[in-house]
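In what follows, a structure is listed as structure tokens, so that the remarks can point back to it.
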Amino acid sequence: MKTFATDIRVRYQETDNMGVVYYANYLVWFEVARTEFLRSMGLVYRDLEDKGYYLMVASLSCRYRSPVRYDDIVRAETWIEEMKNSSLKFGYKLSVNGKSVATGDSVHVFTNKSGKPVRIPEEIRSLPVDI
């Protein structure tokens, strides 16, 4: 399975009064990893939208394992776990210094501009992701 990793430095604004990252930021990091993963394979969300494809989030889960703090470097890994006719399931792992701090997954449905599900375009179906 093809996995992509990107590093994200925790900014002060992402933390609470105790210096711990606010939980919703983990989901933002999932999105950063997913977007950069697709970009690394030559697919840019904006280009997909220009072609009339949109990726709606159908489900999202996150399991928190350990707190992350200001100035930590978070390694965000993602991969495609499953590809169906009109949806992709991504897996995620966030770690700091090799220690897993969160895992999760999200399912995205390809739709047209009006929100009707459509078949995943061939340019994505042909990606070398080894599902």
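Remark: region 91-101, residue by residue, has Karplus-estimated 3J(HN,Hα) of x, 9, 9, 10, 9, 10, 6, x, 9, 5, 10 Hz, where x stands for each Gly or Pro and the curve is 6.51 cos²θ - 1.76 cosθ + 1.60 at θ = phi - 60°.
Would you mind computing, in nm to one decimal, how far apart the modelled labels at residue 51 and residue 116 are, each placed 7 Å from Cα along Cα→Cβ? Simple spin-label model gives 2.0 nm for this pair.
Per-residue ellipticity at 222 nm, computed for the chain from helices alone with -39500 (n - 2.57) per DSSP H run of at least four residues, works out to -6000 deg cm²/dmol. Listed by chain and number, the aspartates and glutamates whose alpha-carbon sits under 17 Å from that of residue 99, ignoring those within fewer than 8 places in the same chain, are 7, 71, 72, 77.
Expressed as a whole percent, the proportion of Cα-Cα pairs in region 1-55 lying more than 19 Å apart is 45%.
Derived scalar couplings between HN and Hα for region 63-70 equal 10, 8, 10, 7, x, 10, 10, 3 Hz in order, rounded to whole Hz, by the Karplus curve 6.51 cos²θ - 1.76 cosθ + 1.60 (θ = phi - 60°), x for Gly and Pro.
Report, in degrees rounded to the nearest 10, the 0 to 90 angle that the Cα long axis of helix 24-40 makes with the longest principal axis of the chain. The helix 24-40 is inclined about 50 degrees to the chain. Neighbours of residue 65 by Cβ distance under 11 Å: Lys/Arg scored +1, Asp/Glu scored -1, total +3.
Throughout, read-outs are computed from the coordinates displayed, never taken from laboratory work. Since we're looking at a predicted model, the values are computed, not measured. Cβ coordinates were reconstructed from backbone atoms using ideal geometry, including for glycine residues, and neighbour counts include every protein chain displayed.
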